[in-house]
Amino acid sequence: MAACLVVLLSFLTFLFSLMSHTTLVGTEALGKHLDDPHWIVFDCRFTLSDIQAGRRAYEEDHIPGARYAHLDDDLSSPVTVQTGRHPLPDPDTLTQKLGDWGVDENVQVVVYDDSFGSMAARLWWLLRWLGHEHVALLDGGYPKWRREGRPITPDLPQTTPTTFKARRRDALWIDSDAVANAMAAGGHVLIDARSEERFSGEVEPLDKVAGHIPGAVNVPYEDNLDISTDFLPPAELRPLYEQRLHGVSPEKVIHMCGSGVTACHNVLAMEHAGLKGARLYAGSWSEWITDPGRPVAKDS
């Protein structure tokens, strides 16, 4: 009898893996699962210029059942003189929070924001880092959800705490020394998700030094989107990235941005396009420039 139960559980886990969403999920699919206890939604709205604006917006209205995850308080560690602006959160602390929010290995997680997925992609990546593959970004985000007249509420969700079992995959990210070594060795592609103006060094509204890491290529995360701000289909995303890779395998790709947040958008885009295995430079530009001995390039 016990053996039969083990086989049944294994089969159900297999079926769940086939039905799960691991990159993107549409508004229609989410709408069908609002009352499904095996789906958990996170609101990740956040604005760099007003760090409590996202929380206030969430308290006014959000997708029913959504928990709120704050970029600074929940999805990052405190900043130090040697880190970037959004260091990775302590994994044990985040693991505890995820369990308190009701997340375990049996749930489908959906993340969203109101800024093209630029903030929510961080939680998508963090969950994958902790070993949870069943997580997807809401394509079109909260603006699309509202345009379509779907349910919203100011009510806070009722959560049932559980145990989230983290299975960290630290191979998914690298630090500044590893980036420097990879660029010196060659055979890698470093993709910077910041705007063209910031990448070139023409402007720098957030960090003390302008420019980019020598040898990096620029793919602003907005390039992953179509005119309606949905993600481009895989058939269009794949050539967008392949032309930057020049034959380099996805496993040799490193993604960065200003602080390791919007770079996750490009990681997601590559995964959605079937180009799997790219890594995140978690500290990104704001960490790179903490050491004045690291090289900086600007476009002339």
Worksheet item: Could you give every pair whose Cβ atoms fall below 9 Å, whose first residue belongs to the range 88-106 and is assigned by TED's automatic domain parsing to the domain that holds Met256 and part of a loop (DSSP other than H, G, I, E, B), and whose second residue is among the acidic types (Asp, Glu) and modelled with pLDDT under 95, counting only separations of at least 6 or pairs across chains?
Response: none
Practice prompt. Scan the range 244-300 for residues that are within 21 Å of Glu197 (Cβ to Cβ), small (Gly, Ala, Ser), in a loop (DSSP other than H, G, I, E, B) and in contact (Cβ under 8 Å) with a residue 40 or more places away in the chain and jot them down.
Written response: Gly258, Ser259, Gly260
Discussion item. Can you tell me which residue is nearest to the chain's Cα centre (by Cα) among those in the range 128-147 that are outside any helix (DSSP H, G or I), within 16 Å of Ala29 (Cβ to Cβ) and among the small types (Gly, Ala, Ser)?
Written reply: Ala136
Worksheet item: Can you name every residue in the range 176-195 that is in contact (Cβ under 8 Å) with a residue 24 or more places away in the chain and exposed (fewer than 12 other Cβ atoms within 10 Å of the Cβ)?
Response: Gly187
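How about the range 98-153: which of its residues are among the hydroxyl-bearing types (Ser, Thr, Tyr) and either in contact with a Phe, Trp or Tyr (Cβ under 6 Å, 6 or more places away or on another chain) or closer than 20 Å to Asp72 by Cβ (or both)? So that I can check it myself, show each step before the final result.
Going residue by residue through the range 98-153, those that are among the hydroxyl-bearing types (Ser, Thr, Tyr) are 112, 115, 118, 142, 153.
Once the filter is applied, which keeps residues that are among the hydroxyl-bearing types (Ser, Thr, Tyr) and either in contact with a Phe, Trp or Tyr (Cβ under 6 Å, 6 or more places away or on another chain) or closer than 20 Å to Asp72 by Cβ (or both), the range 98-153 yields Tyr112, Ser115, Ser118, Tyr142.
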Fill in: Matching residues, the range 179-231, being under 14 Å from Trp285 (Cβ atoms), of a type in the set (Asp, Glu) and not in a helix (DSSP H, G or I)
Asp192, Glu204, Asp207
Discussion item. Go through the range 102-120 and report how many residues are surrounded by fewer than 24 Cβ atoms within 10 Å (Cβ to Cβ), out of contact with any Pro (no Cβ under 7 Å at 6 or more places or on another chain) and not β-branched (Val, Ile, Thr).
Written reply: 7
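The values are calculated or read from the model by the stated rules, or taken from the named source; none is laboratory data. A quick note: this is a predicted structure, and the numbers were derived from the prediction, not measured. So basically every Cβ, Gly included, is an ideal-geometry build from the backbone, and we count neighbours across all protein chains shown.
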